[in-house]
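Encoded as structure tokens, the structure appears first; notes follow it.
All of the numbers you see were taken from the coordinates with simple rules; none came from a lab. What you are looking at is a predicted structure, and each value in this text was computed from that prediction instead of being measured. Reconstructed Cβ throughout: ideal geometry from the backbone, glycine too, with neighbour counts over all protein chains shown.
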Amino acid sequence: MSLRLEGVSYRYAGSTATVLSGVDLVVERGEVVGLVGANEAGKTTLCLVAAGLAPATIGGRLVGTVHIDDLSTAVARPFELAQRCGTLFQNPATQLSGTAPTVWEEIAFGPRNLALPLAEVVARVEEAVRLLAIGDLVRRDPARLSGGQAQLIALAGVLALRPSYLILDEPTSQLDPQGTRLVGDALAALAAHANVGVLIVEHKTDLLAGLASRVAVIEAGRLVAGGPAADTLADERLPGWGVQPPAPVRLARAAAAAGVSLG
Amino acid sequence: MTADRPTGSPPSPPDFVLQAPSGAYLSLNPATKLLVAAVEVEAAFLVGTWTGPVLVLLLVLASAAIAGVLPRLAVIVAVTVPIVASIMLINGFLYPGAVDVIVRIGPLAPSVSGFQFGLQITLRLLAASLALAVAYLATRTDDLLSDLERRGFGRRATYVIGSAIETVPRTVDRAAEIVDAQRSRGLDTEGRWWRRARGIVPLAAPVVFGALTEVEERTMALEARAFSTPGPRTVLRVLPDSTPQRLGRYVLLLALVAMIVGRITGPLAVLP
Amino acid sequence: MAEEIASGAGLALATEVLGFVYPDGTRALDGVDLRIAAGEQVALIGQNGSGKSTLVRHFDGLLRATTGRVLVGGEPVGSRHVADLARLVGIVFQNPDRQIFAGRVRAEVVFGPHNLGMHGRELDERVAAALQAVGLTGSEAVNPYDLGYSRRKLLGMASVLAMATPAVILDEPTTGQDARGVARVREIVAALAAAGRTVVAISHDMTFVAEVFPRLVVMRAGRVILDGPPAEVFGEANWPTLATTYLEPPLAAREGARLGLGSTPTEASLIEALLRHVA
């Protein structure tokens, strides 16, 4: 069981520019795969395609195939995809339903869409709340949250769908260090205990170093490197691709350049 | 949250989600509140010359007081009155064919009947808009949506209604942020009015652009949350309704029709 | 670049027992005493909701002190108009989409300096220098909404830099930026510093603040709990205090402590200490 992109190229509707070309990527259930690259290299587009939102919802032209388990995104309907694959984009303000009066109801939005029994809706909301430690926010108005808080709530709303896969586009961009750690821990726990496959786009390579088993690098729409996280994140070409290596890698490199050892 | 639940009973949403609004007006079913507002709006225009608007205004203020939304209503009055009052002035000075002109100043002919007509229109518009405002202020959007869903409205229709209503406060919030950003760039919002007027575009454009660029992202986010699943959604809470209220709504519906008949056939038109 | 975006002197900013309560009753600031000298660069760090953004909004009058007072250039802010204070303090907000209104990149950048009365050649130069500083030279005629989020964010920064205010406030300038974008922000702060302008930045990136700012102010629940150079704030003695607000010193500081090299908050200081140690 896996989420697979095979020979994927994509261009947006009304545009002649190919944003992704020849992308092959597999995310197995139970593993966290990191995706890094410079801005406008195609990370968000890859997320859209992997989740099946492109081309199903926003149009455009897709070459190659995307499968979520045995379901091809070319033929699946959006709500079928949503149950298998939770997707979260960068701007938390647009990821919330905009009609829920409290955070609790915002998180319940997805499970309610699935018409689950009330007891099941409640159980899922409570689980997501516990996982992200947001119990003190449940009564708040979602429209009046800070960017970081909204980002956590949006993630909780996706987790409450209990998808087999998660596709997360910079889910910690507005979070403080504590919030970032929390999200990292929650994703690790989901992968390890709930067998969720996670594809995560991150500039924070330090987070990926501790979380991802594999990391892929995207540059101008192509995957230019990929493999075990420790290897890819130590790749000397990373800065050239617009990616900051994790702090331990940078320190070790600086020490080596100065001819000293960190012991 | 889960700890104090007796074992065995199925989990239910927390109290702050379940709790129904209390109080004579707030606890009315959203559909009842909407119908009351509709009857009030109609009465403000169709009943008599002064009777309708005056009665409706009194009724609206009373229900606002009961619902505890008087302070927020005051804000709406402050915004509405100047606009509506300008209609009164225009009518006062330019009422065509008035025979009781007070004094003639060139094209301007202020007349008693003009001012009376203007005042009437003002009262009617004010009564009608406040009736709608009270219904809006005293109904949680989500309650209205739950109720619509329960009555078999499709989820898309419900969502469109909900997001349309929520657009108002959200736009206000966003506009406040934009005003801050542009003031920090030297846009004068505290100075003379003609300097302030120049600032309309930099203030309005991000509201519009922002809303437009967000539509696609929002659509995708809804899809990603299984919004297009066919069939009804899970109901979180059933809103209070009662047989008297249900009967009351039939009476209100009848009143809507009766007022039109009464106006056309005469009895309501002859009231003062 | 440095000279062009950054000519002119700095500006002192200060608060005296500043308290601020939002209309809904939330107490966001609780007696903040802070003195920032003209030409100083300071980073504000702390959890989401600790009061950092609320604090900086007092420096151009967007928020008014509930208690205590705010001084800009040594003068109490009192009821001075935001439009006047905008000549002195420029704030780059977190979300560029809450400010961008123009149909062209250049027009967006022109707006601020034009409001301040700049025109002609001076205006052209300011705008060109600001665009160059953020790497948007050549995109003058592009529609801002055709730029990606990270470049719109840099555009937001350019439009405030072009106002050439003696003090510049950056609210989370590095969020969503890739390595190149972060490097640009560092260069911009360095250029402003070299020209003696005052810079206050809010950031969650401990490595960034330690390497770029000579002074760090740590906030928690509306109060300042630590204030000093990175070597002091990230020194081992302060780790328990940092932990109370869930902040962790950068890796270089932790490594330095582990190796018994003293406080080494930056990569360079750690390497230097290592070299000294070996010698």
Which whole number of Å³ per residue matches the convex hull of the alpha-carbon atoms in the stretch B:50-144? 108
Assuming R0 = 60 Å, can you tell me the calculated FRET efficiency for the pair residue C:16 and residue B:51, based on Cβ-Cβ distance, to the nearest 0.05? 0.50
The extension gain from residue C:119 to residue C:69, computed as 0.36 nm times the residue separation minus the Cα-Cα distance, is 14.6 nm
Compute from the Cα atoms of the stretch A:122-258 the Rg and the Dmax, the latter being the longest Cα-Cα distance, and quote both in angstrom. 16.7, 57
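Restricting to DSSP H runs of at least four residues, report the calculated mean residue ellipticity at 222 nm for the protein assembly as shown, -39500 (n - 2.57) per run over all residues, nearest 500 deg cm²/dmol.
-14500 deg cm²/dmol
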How high is the relative contact order of chain C, given as a whole-number percent (alpha carbon pairs under 8 Å, six or more residues apart)? 25
Under a GNM of chain A (C-alpha, springs under 10 Å), which listed residue has the highest mean-square fluctuation: A:198, A:249, A:103? A:249
To the nearest whole number, what is the average tally of beta carbon atoms from other chains within 10 Å of the beta carbons of peptide A:84-96? 5
Can you compute the modelled spin-label distance between residue A:220 and residue B:238, with each label point 7 Å from Cα toward Cβ, in nm? 6.4
Can you list the residues, at least 5 places off or on another chain, whose amide H is less than 5 Å from the amide H of residue C:142, using H built in the peptide plane? C:105, C:106
Calculate, axis by axis, the spread of Cα positions in the stretch C:128-227 along the three principal axes, and write the results as whole Å, longest axis first. 46, 27, 22
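Given 10 °C and 1.306 mPa s, how large is the Stokes-Einstein diffusion coefficient of the stretch C:183-248 in µm²/s, with Rh as the Kirkwood radius over Cα pairs?
Rounded to a whole number, D works out at 125 µm²/s.
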Along principal axes, largest first, the alpha-carbon spread of the stretch C:88-182 in whole Å comes out as 34, 28, 22
Neighbour-count ranking [beta-carbon atoms within 10 angstrom, fewest first] of B:40, C:267, C:248: C:248, C:267, B:40
Computed log₁₀ I(q)/I(0) - Debye formula, equal Cα scatterers, no solvent, the stretch C:16-121, q 0.10 Å⁻¹: -0.35
Peptide-level mean, for B:173-180, of C-beta atoms on other protein chains within 10 Å: 4
Hey, what's the Cα Rg ratio for the stretch B:121-164 versus the globular rule of thumb, 2.2 N^0.38 Å? 1.45
C-alpha long axis of helix B:112-137 to longest principal axis of chain B, angle in °: 10
Could you check which residue among C:38, C:252, C:179 shows the biggest mean-square fluctuation in a GNM of chain C with a 10 Å Cα cutoff? C:179
Viscosity 1.306 mPa s, 10 °C: Kirkwood-radius Stokes-Einstein D of the stretch B:97-217 over Cα pairs, µm²/s: 83
Evaluate peptide A:103-113: per residue, the Cβ atoms of other protein chains within 10 Å of its Cβ; return the mean as an integer. 5
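Need one word for chain A: rounded, prolate or oblate. Basis is the Cα gyration tensor (sqrt eigenvalues a ≥ b ≥ c); a/c below 1.5 gives rounded, then a/b vs b/c decides.
Since a/c reaches 1.5 but b/c is at least a/b, the shape of chain A is classed as oblate.
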With each pseudo-label sitting 7 Å past Cα toward Cβ, what's the residue C:37-residue C:272 distance in nm, one decimal? 1.9
Could you tell me what % of all Cα pairs in the protein assembly as shown have separations over 41 Å? 43
Can you pull the Kirkwood radius for the stretch A:143-220, inverse mean 1/r over Cα pairs, to one decimal in Å? 13.1
What FRET efficiency comes out for residue B:78 versus residue C:140 if R0 is 30 angstrom and r is the Cβ-Cβ distance? Round to the nearest 0.05. 0.10
Against the longest principal axis of chain B, how steep is helix B:30-46, in degrees 0 to 90 to the nearest 10, with axes from Cα atoms? 10
Mean separation of Cα pairs under 8 Å and 6+ residues apart, divided by the residue count of chain B: what relative contact order is that in percent? 28
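Rounded to a whole number of µm²/s, how large is the Stokes-Einstein D of the stretch A:1-128 at 37 °C and 0.692 mPa s, given Rh as the Kirkwood radius over C-alpha pairs?
In µm²/s, the coefficient is 203.
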Over all directions, how big on average is the projection of the convex hull of the alpha-carbon atoms in chain B, in square nanometres? 22.5
Other-chain or far-sequence residues with amide H under 5 Å of residue C:226's (modelled H): C:218
If you average 1/r over every pair of different alpha-carbon atoms in the stretch A:212-255 and take one over that average, what Kirkwood value in Å do you get? 10.7
Quotient of Cα Rg and 2.2 N^0.38 Å for the stretch C:168-279, N being how many residues it contains: 1.10
Treat every Asp and Glu Cβ in the stretch B:134-272 as -1 and every Lys and Arg Cβ as +1, leave all other atoms uncharged, and give the resulting dipole magnitude about the Cα centre to the nearest 20 debye. 300
Would you mind calculating the relative contact order of the stretch A:81-185 from Cα pairs under 8 angstrom and at least 6 residues apart, reporting the percent as a whole number? 44
With springs connecting C-alpha atoms under 10 Å apart, model chain A as a Gaussian network and identify which of A:202, A:236, A:219 has the largest mean-square fluctuation. A:236
Which far-off residues, 5 or more places away or on another chain, put their amide H under 5 Å from the one on residue C:19, with H placed in the peptide plane? C:31, C:32, C:66, C:67, C:68
List nothing, just return the count: lysine pairs in the protein assembly as shown, 8 or more apart or interchain, with Cα separation under 26 Å. 5
